[in-house]
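The values are calculated or read from the model by the stated rules, or taken from the named source; none is laboratory data. No experiment lies behind these values; they were computed from the predicted model shown. Cβ coordinates were reconstructed from backbone atoms using ideal geometry, including for glycine residues, and neighbour counts include every protein chain displayed. In case anyone asks, the SASA skips ligands and DNA or RNA and just uses the protein heavy atoms, side chains included. Shrake-Rupley method; radii C 1.70, N 1.55, O 1.52, S 1.80 Å.
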Amino acid sequence: MRDRLFVYGTLKRGQESPLREMMSRLATFVSEATINGKLYKVSYYPGLFLSASAENVVHGEVFEVHDDELLHELDLYEGIDAALSTPYEYRREMVDVRLHDQSTARVWAYLYN
């Protein structure tokens, strides 16, 4: 099974960001999705924090990744690079999301540190 990725903010369809064009070539939209969490405005972009509360819901989208190059480029875009000092601004983790059809999926997501 290919990797799946939950995106929110500047990486969603219809948004403009340096990696949207790359995502359109190397990933396929699967479903709208939600995750228990909160978005905070970090700068001109959001940061996702997970929440145990069902009242805190973040809406996003799930994509199926066709090429590992995309995850590598997204890691660099999100500031996750072994050459950089830690802690990084974001971290990529496996999380559970609820898809549009109400099923759940385990996917990658970028969480704010």
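The table that follows gives values for the structure above.
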read-out: Extension gain (nm, one decimal) between T28 and D96, 0.36 nm per residue minus Cα-Cα; value: 22.6 nm
read-out: Paramagnetic reach from L111 in the range 17-48 [backbone N under 12 Å; point 7 Å along Cα→Cβ]; value: 36-38, 48
read-out: Projected label distance in nm at R20 and S103, using a 7 Å step from Cα toward the beta-carbon; value: 2.9
read-out: Amide H within-cut-off set for V57, under 5 Å, with H built and near neighbours excluded; value: G37
read-out: Accessible surface of the chain, 1.4 Å probe, proportion on carbon and sulfur as whole %; value: 48
read-out: Accessible area expressed per residue, the chain, with surrounding protein chains retained (probe 1.4 Å, Å²); value: 59
read-out: Theoretical gain in end-to-end length, E89 to D67 [0.36 nm per residue, Cα-Cα removed]; value: 5.5 nm
